[in-house]
1. Just to be sure, is GLU49 under 24 Å from GLY314 (Cβ atoms) and either acidic (Asp, Glu) or at pLDDT below 95 (or both)?
2. Are any residues in region 123-142 away from the ligand (no atom under 12 Å from the Cβ) and within 18 Å of ILE17 (Cβ to Cβ), and if so, which ones?
3. Restricting to region 71-91, what's the tally of residues that are surrounded by fewer than 19 Cβ atoms within 10 Å (Cβ to Cβ) and of a type outside the set (Phe, Trp, Tyr)?
4. Which of the residues that make up region 1-22 are open to solvent by 70 Å² or more (accessible area, probe 1.4 Å), at pLDDT 95 or above and either among the hydrophobic types (A, V, I, L, M, F, W, C) or within 16 Å of the ligand (Cβ to nearest atom) (or both)?
5. Can you confirm whether region 227-240 contains a residue that is among the aliphatic types (A, V, I, L, M), assigned to a strand (DSSP E or B) and closer than 30 Å to ARG151 by Cβ?
6. Can you name the residue in region 143-155 that is in a helix (DSSP H, G or I) and more than 8 Å from the ligand (Cβ to nearest atom) and is also surrounded by the most Cβ atoms within 10 Å (Cβ to Cβ) among such residues?
7. Looking only at region 64-77, decide whether some residue is within 16 Å of the ligand (Cβ to nearest atom), closer than 20 Å to GLY311 by Cβ, outside any helix (DSSP H, G or I) and modelled with pLDDT of 95 or more.
8. If you go through region 44-70 one residue at a time, how many are surrounded by fewer than 18 Cβ atoms within 10 Å (Cβ to Cβ) and more than 13 Å from TYR165 (Cα to Cα)?
Amino acid sequence: MIRTRLIATAADAPEQIITNDDLAKVVDTSDEWISQRTGIKERRISSGENTSDLVVNVAKQLLEKASVTPESIDLIIVASVTPDYNTPSLACMIQKEIGAVHAVAFDISAACSGFMFALSIADKYIKTGSYENAIVIGGETLSKIVNWKDRATCVLFGDGAGGAYVEKSQESGITCEDIGSAGSQYDILTAGYTACTNVFNDQPEGMDEHWYVSMNGREVFKFATKNVIKSMQKVMELEGITQEEVKYFIPHQANARIVEVISKKLKIPYEKFYLNMERYGNTSSASIPIALNELNEKGLLERGDKIILSGFGGGMTWGTMLITW
Ligand code: ACO
């Protein structure tokens, strides 16, 4: 059976570290409030790097780690809600920077589930025989769409990028998935609204307040716990395995309390969740691949290990994948 195997992983983040204490100098907050409610201690914030700088760096690392040439790349998919431009796509910018002259390149938007959706698309192209390999990346500079005067949201997010080089394989790889969308709830988490202003209408010009990340935190909490639990259960059922057979769960790194609920409900030991939100905050589409890369770089993954990646995000969306390493 054809599978899509993750051959190499990579990540990048701005050098600048902003701690909770640094944030307390900008908004009325405290390390205690942020740590207790979210588990986040610090995050990386851009000193000018844009999303393209981060994703290009990830793509270059992937080529090197996988020992493949740019000309051999078939497909580049980037998930982001904070691209440099609406057009060109980040994927096309990567294509130019790395010289992947034969690749088909495009971006997708599924917020914090973006990496899962992008990986799912790459998997389908590979399984249907259209392409043999792909670079799949999630990358964000959320600091440019966060309202730095809103303490309820600005403390949650960080900048970064992560990704994987994937290839057709006859052995291990992506085994099963569950992805979904609940557009009826789109308004509980929004960002980046641009009004339709032009010289022929009387819409006010300038940046709309809905440009910034706006969130109903409690509704997002409910959505995440309900759907991630269902989705992880479904994937394990599809594969006919129990949580005991899964070595690590890599959840979207939004909030430690969400993970605590999932752990309790599914009776999965908390230590089996790989978490690094303490150091990165919520990097949206980059959060899962950054965590996956850390796990991989620490040498904690062996061939044949089963891992589950599970994200939820704006849209609203969710996506879970079982991978045999
Ligand atoms: N520092 C200090 N106080 C704060 C802060 C802050 N940074 N932010 C809010 N508060 C205050 C509020 O003003 C409020 O004060 P009040 O009671 O005097 O009115 C109090 O804290 C409680 O505010 P809530 O918004 O009700 O806080 P809540 O307990 O719901 O926690 C949180 C907020 C952590 C965001 C929570 O709703 C949550 O975990 N939501 C899950 C969603 C999430 O993590 N989203 C991340 C991004 S979305 C995604 O990744 C898909």
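The values are calculated or read from the model by the stated rules, or taken from the named source; none is laboratory data. Keep in mind that what you see is a predicted model, and the values were worked out from it rather than measured. Virtual Cβ from ideal backbone geometry, glycine too; neighbours counted across all protein chains shown. These area figures cover heavy atoms from the full protein model, side chains too; ligands, DNA and RNA do not enter into them. Shrake-Rupley method; radii C 1.70, N 1.55, O 1.52, S 1.80 Å.
1. So GLU49 passes the test.
2. Correct list: THR141 only.
3. Number satisfying all stated conditions: 6.
4. Selection gives ILE17, ASP21.
5. No, that holds for no residue.
6. Taking region 143-155 as the starting set, the residues that turn out to be in a helix (DSSP H, G or I) are 143-144, 151-154.
With more than 8 Å from the ligand (Cβ to nearest atom) added as a condition, the list becomes 143-144.
Working: SER143: 21, LYS144: 15.
Result: SER143.
7. No, region 64-77 contains no residue that is within 16 Å of the ligand (Cβ to nearest atom), closer than 20 Å to GLY311 by Cβ, outside any helix (DSSP H, G or I) and modelled with pLDDT of 95 or more.
8. So the count comes out to 2.
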